[in-house]
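What follows is a set of notes on a single structure, which appears directly below.
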Amino acid sequence: MAEQLPIGPHIPRPEGAVPGSPAPWSVLPEAERRGVTIDEVARSLEHRVDVQPRARSLVEQVVTPAELPDSGDSRPAAVVCVLFEADGEANVLLTRRSAHLRSHGGEVSFPGGRLQPGELPLQAALREAQEEVGVDPATVEVIGQLTPLTTVRSPALVHCFVARLAVGPVGREWGFRSDPTEVEKVFWVPLAELASGDVYHEELWPIPGPVGWPSYRAVPFFRLAEDVVWGATGRLLTELLGTVLGERNVARGDR
C-alpha cells in the first residue's frame, strides 16, 4: 500500500495505489539542484531536455477517457507559473484555494481559471492572476509554456504559461491583495526547495481499462511544511523542475 501523506487536504487515493519512482532529478547531487535562476529556466524551456528519460509502458502521463466524469467541465483553462528571483534563486508563486470552493477547494495551485468566451489562454491566465492575487499583467514577462494537460475532473486542456515577475516581495510581505473568495493563502517556494531532499513523492494510481491490461497514472506530490502540492499543479511543477535540472544533468555528463 502506498505511503499515506501526513499533511494537506484530503487526497482521494484509490484502492490499488502503489509507490512510484524517485524524483527524476534525484540523479543530481543535492548541491547541484540549487541556484536555479529565471534565465536558466527560460533557456531550459526553450531547449526541453528531460532530466532522466524513463520508459514507462504501464504508466500513463495523461488522463484517460475512462477516468473522466460523465459531466466534466469542457471549458479550457489557463494558469500562470509566476517566478521571481531572490538571492540567486528562482521562487514560484503558489496559492491555496479557499476551502469553500466547489472545485479543488483547499488545494494548492497556480493562479488561473477557465477561459471566457473569445479569450485566448494567455489572456485568461493573466486576467485570473490579476483577479486572484493582484499580479499586474504589465509587470510580468512570459518566458515559456509547459505541456497542456487534462485532469480527472475535466476533459478540457489546462494551459500553463511560465512568467517572470519584474519585482518580487519585500521580505515575507507580498504586497498584493488576494481575493478571499477564491484564495485562502498566497505563498512562494524556491525551486531549490521543491527539488531538495524528500520533498518529492510519487504514487502510481490504477487506471480503469480492459481486463488483463493493467495500467497506472503517475501522481506526483510535493510535501511542504504546511501544504501538499499535487494534482495538475504537481504534474506541472514536476515537468518544470525536470526540464531545468535536465539541462544541468546533461552539462554534468559533459564534464
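None of the figures in this text is laboratory data; all of them are computed from the coordinates on show. Everything numeric here is computed off the predicted structure, so don't read it as measured data. All Cβ positions, even for glycine, are placed from backbone atoms using ideal geometry, and neighbour counts span all protein chains on display.
Suppose each label sits 7 Å from its Cα in the direction of the beta carbon; what would the Val250-Glu46 distance come out to in nanometres?
The two pseudo-label positions are separated by 1.3 nm.
Read phi for every residue in region 219-235 and hand back ³J(HN,Hα) as whole Hz from Karplus 6.51 cos²θ - 1.76 cosθ + 1.60, θ = phi - 60°, with x for Gly and Pro.
10, x, 10, 10, 9, 9, 4, 10, 9, 10, 9, 8, x, 4, 5, x, 5
What order do you get for 217-224, 41-48, 76-83 when each peptide is scored by the mean count of other beta carbon atoms within 10 Å, highest first?
Ranked from most to least packed, the peptides come out as 76-83, 217-224, 41-48.
In sequence order, what are the phi-derived ³J(HN,Hα) couplings for region 137-144 according to the Karplus relation 6.51 cos²θ - 1.76 cosθ + 1.60 with θ = phi - 60°, rounded to whole Hz, with x for glycine and proline?
With the stated coefficients, region 137-144 comes to x, 6, 9, 10, 10, 6, 10, x Hz.
List every residue whose amide H lies under 5 Å from the amide H of Glu184, counting only residues 5 or more places away in sequence or on a different chain, with H placed 1.01 Å from N in the peptide plane.
Residues meeting the amide H criterion: Arg96, Arg97, Ser98.
At a Förster radius of 35 Å, what calculated FRET efficiency corresponds to the Cβ-Cβ distance of Thr139 and Arg13, to the nearest 0.05?
Using R0 = 35 Å, I get an efficiency of 0.35.
For Thr147 and Asp87, compute 0.36 nm times the residue count separating them, minus their Cα-Cα distance, and round to one decimal in nm.
18.7 nm
How do 120-126, 31-37 rank on mean C-beta neighbours within 10 Å, highest first?
For the peptides 120-126, 31-37, the packing ranking is 120-126, 31-37.
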